[in-house]
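> Would you mind keeping the following structure in view while I ask a few things?
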Amino acid sequence: MITISHDESAHRFTTEVDGNSAHLDYTQGGQFMTITHTRVPAAIRGRGVAAELMRAALSAAHAAKWSVTPACSYAVAYMAKHPDGTALHRHVDELLDEALEESFPASDSPSVGGSN
């Protein structure tokens, strides 16, 4: 289990794992939180650190009764996979489509099922 810190004035959730710092940044205005960036160093990737940061951010948003908009690709993907009641989000499908288009441009259609 990792410990997540929330610096409300900096709009940042942080944690340290094995000497490596990871963070999630957000903006907040009115009743809206926009998750703008997650950063997890390569040395600690694949251990659920980004997911823990997302859970902490969504929990804080839920407690404050904020709607959440994911703006970074990880947050979009996380919220699409976890559309439970704590994720008070909007337009996730459109944002996920946008993130996928950026990651996988449609300039060439992929070959499926081997050679032609």
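Just so it is clear, none of the values below were taken in a lab; they were calculated from the coordinates. Everything numeric in this text was worked out from a predicted model, so none of it was measured. Positions of Cβ are backbone-derived with ideal geometry, glycine not excepted, and every protein chain shown enters the neighbour counts.
> Output ³J(HN,Hα) for the stretch 64-78: one whole-Hz value per residue in order, computed from phi by the Karplus curve 6.51 cos²θ - 1.76 cosθ + 1.60 with θ = phi - 60°, and x for Gly and Pro.
Once rounded to whole Hz, the list reads 8, 6, 8, 7, 10, 10, x, 10, 9, 4, 5, 4, 4, 5, 4.
> Here is a further query. Please identify every one of the trypsin sites (Lys or Arg not before Pro) in the stretch 1-88 that sits in a loop by DSSP and has no more than 13 other beta carbons within 10 Å of its own beta carbon.
Passing sites in the stretch 1-88 are Arg45, Lys65.
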